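Everything below concerns the one structure shown next.
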Amino acid sequence: DAGVIQSPRHEVTEMGQEVTLRCKPISGHNSLFWYRQTMMRGLELLIYFNNNVPIDDSGMPEDRFSAKMPNASFSTLKIQPSEPRDSAVYFCASSFPGRSGNQPQHFGDGTRLSIL
Amino acid sequence: DQQVKQNSPSLSVQEGRISILNCDYTNSMFDYFLWYKKYPAEGPTFLISISSIKDKNEDGRFTVFLNKSAKHLSLHIVPSQPGDSAVYFCAARSSGNTPLVFGKGTRLSVIA
């Protein structure tokens, strides 16, 4: 079975450019999460969706960041304009609907973003 | 304010010995705890979990212990193998399908 698929795997761009990260969750999963990993802050939640609806975006650092989930099989995280401090690894994760708190989130392999 | 803390950034253990990774949390509403393992250039992968109604959960070489009164959990790996070398993340949530809150991770090196 295909896992969570993220693209691109690596992105290098200049400050001020628009960056779009993409995620395809596991089929049948109804929750989708975007995380950012940095040395200083570790893995921090940016936003999550249930049934394509954004539930909590309080982790989105600034208005330069936006995320959408137009359907159950696709989500984007956009940064416009990008800044060097946005350089990090961005992970997407999805999970199966369920009431159990033991339900794991399944992660993609991440997008390593470098803003010059 | 970190709600999940992994105070040891790194740990080295000899092959065959026990590895003990520790995790502390501050939010008393957390009822579910999960451990993830992460190799370089890959996403975290789920390892083992425990809910607050238990104090121990075992899966092969991996055992997680929970001390709710101390707000502390630990992951034991025995015997440790070189392939266990990775970054281990502790994560917690209060209920259902809410997001996980992660610690910063502990890098485990198992030396042959």
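Since every read-out is calculated from the coordinates, none of them should be taken as a lab result. Everything numeric in this text was worked out from a predicted model, so none of it was measured. A quick note on method: Cβ atoms are made from the backbone with ideal geometry, for glycine too, and the neighbour counts reach across all protein chains shown.
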Which members of segment B:86-105 meet the condition of being farther than 18 Å from A:TYR35 by Cα and surrounded by 20 or more Cβ atoms within 10 Å (Cβ to Cβ)?
-> B:ALA86
Filter result (in contact (Cβ under 8 Å) with a residue 12 or more places away in the chain and of a type in the set (Asp, Glu)) within segment A:41-77 | A:GLU44
Take the residues in segment B:47-80 that are more than 14 Å from chain A (Cβ to nearest Cβ) and touching a Lys or Arg at 6+ places or on another chain (Cβ under 8 Å), then tell me which one is surrounded by the fewest Cβ atoms within 10 Å (Cβ to Cβ).
-> B:ASP55
Hits in segment A:47-103 (condition: assigned to a loop (DSSP other than H, G, I, E, B), polar (S, T, N, Q) and in contact with a strand residue (DSSP E or B) (Cβ under 7 Å, 6 or more places away or on another chain)) | A:ASN52, A:SER73, A:SER82, A:SER87, A:ASN102, A:GLN103
Here the residues within segment B:1-29 that are basic (Lys, Arg) and either in contact with a Cys (Cβ under 8 Å, 6 or more places away or on another chain) or under 9 Å from B:GLY103 (Cβ atoms) (or both) are B:LYS5
Yes or no: A:TYR90 without any contact (Cβ under 8 Å) to a residue 40 or more places away in the chain and among the hydroxyl-bearing types (Ser, Thr, Tyr)?
-> no
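Would you mind listing the strands (runs of 3 or more DSSP E) fully within segment B:55-112 where at least 1 residues are closer than 18 Å to B:SER10 by Cα and in contact with a Leu (Cβ under 7 Å, 6 or more places away or on another chain)?
Passing ranges, in order: B:72-77, B:86-93, B:106-111.
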